[in-house]
Amino acid sequence: MGEMYPFGEIESKWQRLWDWNGTFIAVDGDCRPKYYVLDMFPYPSGAGLHIGHPEGYTASDILARYHWANGYNVLHPMGWDAFGLPAEQHALQTGISPKLNTDQNVARFRGQIRRMGFAIDWTREINTTDQCYYRWTQWIFLQLFKRGLAFVDERPVWWCGALKAVLSNEEVVGGKSERGSHAVERRLLRQWVLRITAYADRLLDGLGDLDWPDSTKRQQIAWIGRSEGVEIDFAVDGSCGEVITVYSTRADTIMGATYLVLAPEHPAVKKITAPTHCGAVEKYCVEAARKGDLERTDLAKDKTGAFTGAYATHPLSGEKLPIWIADYVLPSYGTGAVMAVPAHDDRDYEFAKRFNLPMRVVVAGGGELPFCGYGTVCGSGQWLDGLECDGAKAVVLQKLKEKSAGRGAVKYKLRDWLFSRQRYWGEPIPIVWVRESDYGVLLGMAGSPYGEFLPEKPVCYEEAGEKFYAVPLPLEQLPLILPEVDDYRPSDCGESPLAKATDWVEAEINFASGQVRPRSAGGADGWVLARRETNTMPQWAGSCWYHLRYLSPNCLDAPVSREAEAYWGCPDFYIGGAEHAVLHLLYARFWHQFLCDIGVVTKAEPYPKLFHQGIILGEDGNKMSKSRGNVVNPDRVIGECGADALRVYEMFLGPLDAVKPWDSRGIGGPCRFLRRVWQLYVGADGGLSGTFSAAVEESDETDRMIHCTIRKVREDIELLHFNTALSQLMVALNHLQKLKKISIETGEIFLQLLAPFAPHLAEELWEKMGHGESIVRAQFPNYDVSKLSCALRKIVVQVNGKLRGELQVSQDASGEEIINLARSAESVIPHLVGRELADEVYVPGRLVNFVVRN
RNA sequence: GCCCGGAUGGCGGAAUCGGCAGACGCGUCGGACUCAAAAUCCGAUUCCUUUGCGGGAGUGAGGGUUCGACCCCCUCUCCGGGCACCA
């Protein structure tokens with residue numbers, strides 16, 4: 001690469017000026033139309049900015065600058081999703097506090113992002129670990145708590161004794177810990193759970209109106225997994241009086257049921273198992289409990305199971321069906337029990353084969369078993385035979401209802417959200433636990449600051465025979481500040497490191513004031529013993545509502561001020577990685593819908609328009625990673641080519657949503673492009689080049705080129721087709737470079753079109769053209785339709801669909817004239833002579849096609 | 001296994017209401033400049049064929065619809081993503 005323009009100087013100059021002038025500060029309540037463009041905020045990792053980050057940020061920045069230049073009041077904020085495991089693990093290794101480490105990482109990220117020259121309103125910067133921020137995360141949690149949407153439950157977790165840690169499913173590989181291959185076991189742990197399932201239908205229905213990528217909507221739909229079916233009751237034989245309720249979406253096959261299967265965890269298993277079968281059943285249950293979700297749901301394995309020795313009565317046929325247990329039935333879905341129809345279900349079929357159970361064909365599908373499709377019911381008795389499956393479902397449901405043996409039911413795959421982590425570096429859950437008797441006192445108190453915060457149904461748990469009740473901290477006591485600790489290792493029994501901060505955990509609470517303090521020696525009047533919750537919130541919590549905090553980052557009495565929410569509403573455009581298609585985007589929708597329910601916000605959906613930028617791969621075509629050694633460092637690229645070149649290159653690489661590899665040589669193109677722009681505009685004396693002059697009258701051709709470029713750039717920005725917009729800008733530059741003289745107006749238009757992509761260079765040249773104000777303050781150019789086309793028009797001539805020539809005709813030439821011209825065109829005649837003309841096709845304004853035979 | 005998305009020169013990619021395939025950029029080749037090289041500028045660059053003019057083939061493979069298909073339909077291959085015993 002040869003001599004570049006002084007991009008380093010220019011870029012830092014303009015970054016300083018934008019800052020000093022407050023160029024990109026969004027104005028609350030401004031009378032201009034608002035435009036809110038949001039990036040998924042980054043987790044400030046220790047590795048610094050990745051070359052992938054600027055892709056999405058540049059895209060949103062182009063939109064921000066484009067809208068500023070179109071007269072909008074733009075909000076384009078940035079912040080930090082800074083709680084999370086890596087900082088905690090870093091602390092374990094180095095002893096450096098997560099807070100300090102996070103602050104350092106944030107400082108580095110901020111510096112790197114600033115060097116990209118984004119039009120960000122830095123006065124609204126937020127950080128999820130800031131107590132002024134997490135105060136409101138805690139407040140939202142308490143609102144959920146108050147309405148019964150946050151509760152505790154015993155949930156199985158993986159516990160590794162050697163590591164003294166709770167592990168996630170991903171951290172358990174082949175029944176051993178991923179780190180160190182130690183033994184792991186299932187343990188029940190008291191966990192906070194959010195009742196997201198209460199919002200299942202709304203989360204599903206709300207998708208309808210969203211302008212989101214189809215694949216993301218589909219993923220959310222699949223994740224929620226709504227299904228309609230029936231619950232059917234099967235009475236268990238004998239004196240136990242048990243009824244097994246199964247769930248099925250194929251009631252039409254009910255007469256083909258030949259046995260029942262319960263999940264090993266099903267509560268009825270113990271009660272119904274025949275004494276003769278207890279041994280085998282128990283053994284099977286123990287084995288099933290040992291298996292993890294991954295092992296259990298491994299499709300490759302053979303079906304296993306055990307017979308309980310019990311039978312149930314088919315509600316319609318009266319037949320006795322054997323009851324089995326098998327781990328292919330999941331305890332957490334439906335009723336944890338199924339009626340097996342082996343002739344028409346793959347899994348039941350496999351199981352029946354393995355254990356030699358009978359099959360009965362009840363859907364005529366022809367061919368081999370199992371037949372899982374739809375068809376005509378047969379072998380089910382007169383009342384059902386001959387019906388199509390869909391119709392049969394309704395008839396069966398009716399029959400079941402008559403016999404009080406069944407009912408319609410809707411089930412979801414979506415599970416409630418496990419919301420506690422046994423970690424230090426997260427938002428503390430603002431709850432203390434008190435004894436049953438003390439909770440009774442609280443309930444009886446008039447005018448305590450809690451009254452309205454307590455849930456209708458108390459949240460409690462039992463430990464060593466004693467019950468403990470959850471008491472929320474009142475608003476005045478928030479934020480509950482994360483205490484500093486010396487030791488970031490979890491406790492010996494897998495609790496959060498906070499559990500070891502005894503002085504903090506063992507506390508007392510004053511119900512009258514809501515204050516919590518360390519336990520006093522004597523036990524004072526009005527204070528009761530309390531134990532703090534030591535779990536913290538998952539990293540998702542802070543990102544569930546950050547889009548609201550930007551609107552009024554300093555609001556003291558609500559997560560978001562009413563005026564700010566009324567003015568800014570929701571992001572007009574939200575961009576981030578597709579890896580967040582389900583969890584973040586579902587959790588955030590859940591919280592936002594909830595906040596709408598309680599009147600904090602007025603819109604039900606947080607992100608009406610969403611886009612996923614693609615991934616930038618390493619030069620070797622693989623995902624960038626340290627271990628592969630193919631990571632590209634943005635600092636180095638900025639140092640060598642400048643931020644403008646990096647921005648342009650990333651946008652020129654290909655479609656925004658595509659996965660595309662980095663090519664270190666490829667950036668030379670954008671570098672040369674920007675340098676050629678510089679050389680066109682800047683004269684030998686450093687001022688505006690003499691090529692530009694007010695007195696120039698542009699040629700029609702140049703005029704047409706400019707207006708076509710304006711249109712292309714405008715349309716492409718709105719469609720996010722930045723690669724083709726840049727391509728058009730290159731075409732325009734190639735054209736301008738050939739001109740001896742260029743009008744000032746043309747020169748200005750080109751800079752304005754370039755400005756969203758390469759803002760520093762555009763500002764610098766704009767200044768050289770004599771402007772005192774930022775280029776974003778000048779109205780973005782509009783095109784003149786009358787200047788888009790020329791007097792002559794090209795018509796393509798084909799013979800049998802093959803290109804044989806082209807004509808230049810005037811705009812007003814008739815079809816007949818054009819066909820005659822085409823027929824006599826020199827290059828066309830040889831392909832027509834001696835052949836029979838079968839047809840002439842004329843597509844107005846485009847082409848003529850002669851169809852010939854022989 | 002199921003559901004999506006994709007496949008275009010040496011490379012990244014353009015072009016889709018069905019109408020000039022290969023815009024723009026990278027790379028490569030040739031030329032200019034230079035003692036020379038780098039950089040820069042100019043030109044060429046899908047493949048085959050032809051001295052040339054031309055001609056032929058061509059958008060993962062095979063078939064179909066059409067005057068005309070990268071684009072629509074059917075079958076298949078490969079790649080990417082998601083889900084994965086959800087009854």
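The values are calculated or read from the model by the stated rules, or taken from the named source; none is laboratory data. Treat the numbers as computed from the prediction; the structure is a model and nothing was measured. Using ideal geometry, Cβ is built from the backbone for each residue, glycine included, and neighbour counts are taken over all protein chains shown. Note: accessible area is taken over every heavy atom of the protein model, side chains too, but ligands, DNA and RNA are not part of it. Shrake-Rupley method; radii C 1.70, N 1.55, O 1.52, S 1.80 Å.
Here are some notes:
- For the pair A:Arg823 and A:Ile25 in one chain, pulling the backbone fully straight at 0.36 nm per residue adds 280.9 nm over the alpha carbon distance.
- Taking other residues whose beta carbon is less than 14 angstrom from the beta carbon of A:Arg16, and scoring Lys, Arg as +1 and Asp, Glu as -1, yields -3.
- Check: the range A:233-349 dipole with +1 on Lys, Arg Cβ and -1 on Asp, Glu Cβ, in debye: 220 debye
- Grouping the Cα pair distances of the range A:285-398 into 10 Å bins from zero gives a pair-distance distribution of 12, 38, 35, 14, 2 percent in increasing distance order.
- The range A:196-308, accessible surface, carbon-and-sulfur percent (1.4 angstrom probe): 54 percent
- Ratio Rg/Rh [Cα only; Rh per Kirkwood] for chain A: 1.06
- Protection proxy ranking of A:808-815, A:108-115, A:381-388 - average other beta-carbon atoms within 10 Å, highest first: A:108-115, A:381-388, A:808-815
- Dipole magnitude of the range A:22-73, debye to nearest 20 (Cβ charges: Lys/Arg +1, Asp/Glu -1, about Cα centre): 120 debye
- With protein chains left intact and a 1.4 Å probe, residues in the range A:195-292 average 46 Å² of accessible area per residue.
- Dipole magnitude of chain A, debye to nearest 20 (Cβ charges: Lys/Arg +1, Asp/Glu -1, about Cα centre): 1160 debye
- Distribution of pairwise C-alpha distances over the range A:9-131, 10 Å bins, in %: 13, 39, 31, 13, 3, 0
- Per-peptide packing, taken as the mean over residues of other Cβ atoms within 10 Å, places A:61-72, A:775-786, A:620-631 in the sequence A:61-72, A:775-786, A:620-631 from highest down.
- Paramagnetic reach from A:Leu100 in the range A:465-502 [backbone N under 15 Å; point 7 Å along Cα→Cβ]: A:484-488
- Efficiency of FRET between A:Arg155 and A:Arg435 - r from beta-carbon atoms, R0 35 angstrom, step 0.05: 0.90
- Measuring with a 1.4 angstrom probe and ignoring ligands and nucleic acids, A:Cys240 comes out at about 60 Å² accessible.
- With DNA, RNA and ligands ignored, accessible area of A:Leu480 (1.4 Å probe; Å², nearest 10): 10 Å²
- Inter-probe distance in nm under a simple model that places probes 7 Å from Cα toward Cβ, at A:Glu619 and A:Glu350: 4.6 nm
- Peptide ranges A:364-373, A:44-53 listed from the most packed, as the mean C-beta count within 10 angstrom indicates: A:44-53, A:364-373
- Once the convex hull of all Cα atoms in the range A:702-854 is built, its volume per residue stands at 143 Å³.
- Percentage, to the nearest whole number, of Cα pairs in the range A:352-470 over 26 Å apart: 59 percent
- Look at the alpha carbon pairs under 8 Å that are at least 6 residues apart: their mean separation over the length of the range A:193-263 gives a relative contact order of 20 percent.
- Accessible carbon and sulfur surface of the range A:531-661 relative to its total accessible area, %, 1.4 Å: 54 percent
- Evaluated over the range A:103-229, the Cα radius of gyration and Dmax, each in Å: 20.7, 57
- Contour minus Cα-Cα distance for A:Gln93 and A:Lys413 (0.36 nm per residue): 111.3 nm
- Å² of accessible area per residue within the range A:628-787, as computed with a 1.4 Å probe and no ligands counted: 42 Å²
- Of all accessible heavy-atom area on the range A:33-189, the percent that carbon and sulfur account for (1.4 Å): 52 percent
- Point-to-point label distance, A:Ile481-A:Leu369, nm (Cα→Cβ direction, 7 Å offset): 7.1 nm
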